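The structure under discussion appears below in the form of structure tokens.
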Amino acid sequence: MSLRNKSKNIESIETMTGENPEYAIIWLHGLDGDADRFEYAPALMSLPKATRFIFPRGPIRAITSYKGQEMRGWYNSLGEEFGMDKDREGIEETFQMHRSLVARENERGIPTERIFFAGFSQGGAANYFSSLRYPQKLAGIIALSTYLPFLNSTETERTKENQDTPIFVAHGTNDQAIPLEVGQSDRDRLIGMGYQVQWNTYDAAHYVHPDAISDVAKFMASIMQQ
């Protein structure tokens, strides 16, 4: 059952895989997407623990790289080189949203160490930004067809709390929006910083391959069963 919620000005869709969830996952859509983009995923993921899926809806903002067109996004894109992002204010707003959503899950009985962060494309980049800088331990990080934003500050701003948090990365071999080479380079950066990275590629363009959903479920299950 899916519910539409609006709490603290954050609109989201929520789905629970069972009563009294023990885990939660906050899953961000991509640029010009919407909260229902990955609403189908929980039904395809057989998880050993009841889990609350939270799909936030990004705010509408003008996107410079799309000639100022207004669409849902987690920060503004100027068309700059991957990792050289400029809209610090926008991505900090998304970071604050993550904090608010985590606090709400804490209030509902799910500790931060049982919360996964996930995201696709621009949502995956925002997910990277928040999770690597998060001041509390997370359960896991799931990055789908995305890149590491704000590279120049990641090294100094990352927190020790999530140094050992497992990271699942999925990328399509035919991705033209965020080329495979970008994902590979960021994977190597993460490994170089000492992170545990599970790297997965799929015969896909810029979308989440069905096999990736299955592999995400296995990744989450492995953490839940530890």
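No lab work stands behind these numbers, since they all come straight from the coordinates. Here the structure is a predicted model, which means the values were calculated and not measured. So basically every Cβ, Gly included, is an ideal-geometry build from the backbone, and we count neighbours across all protein chains shown.
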Seminar exercise, completed: Once both label points are put 7 Å beyond Cα along the C-beta direction, the TYR66-LYS160 separation in nm becomes 4.2
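Between beta-carbons, use under 12 Å as the cut-off and find the net charge around PRO135, counting Lys and Arg +1, Asp and Glu -1.
Numbers: positive: ARG99, ARG133, LYS137, ARG158, LYS160; negative: GLU157, GLU161.
Every neighbour counted, the sum reads +3.
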Seminar exercise, completed: Place a point 7 Å from the Cα of TYR207 in the direction of its beta carbon; the residues of region 115-131 whose amide N falls under 19 Å from it are 119-124
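So, R0 is 45 Å and r is the distance between the beta-carbons of ASN9 and SER214; what FRET efficiency does that work out to, to 0.05? Numbers along the way, then the final one.
Details: r = 34 Å, r/R0 = 0.77.
E(calc), rounded to 0.05, equals 0.85.
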Exercise. In whole Å, what is the distance between the alpha-carbon centres of region 149-218 and region 79-102?
Worked result: 17
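Can you give the % of DSSP beta bridges in the chain that are antiparallel, to the nearest 5? Don't skip to the end; give the middle numbers.
Working: 15 of 39 bridges.
Once the DSSP bridges in the chain are tallied, antiparallel ones form about 40 percent.
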Problem set entry | Stokes-Einstein translational diffusion, region 1-141 - Kirkwood Rh over all Cα pairs, 1.306 mPa s, 10 °C, in µm²/s | 104
Exercise. Can you run phi through the Karplus equation (6.51, -1.76, 1.60; θ = phi - 60°) for region 189-196 and list ³J(HN,Hα) in whole Hz, with x for Gly and Pro?
Worked result: 4, 4, 4, x, 8, x, 7, 8
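Can you compute the helix-only [θ] at 222 nm over the chain? Use -39500 (n - 2.57) per DSSP H run of at least 4 residues, normalise by all residues, nearest 500 deg cm²/dmol.
Numbers: 6 runs with 71 residues, N = 226.
For the chain, the value works out to -9500 deg cm²/dmol.
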Exercise. Count of lysine pairs in region 2-224 with Cα atoms under 21 Å apart, counting only pairs 8 or more residues apart in sequence or on different chains?
Worked result: 5
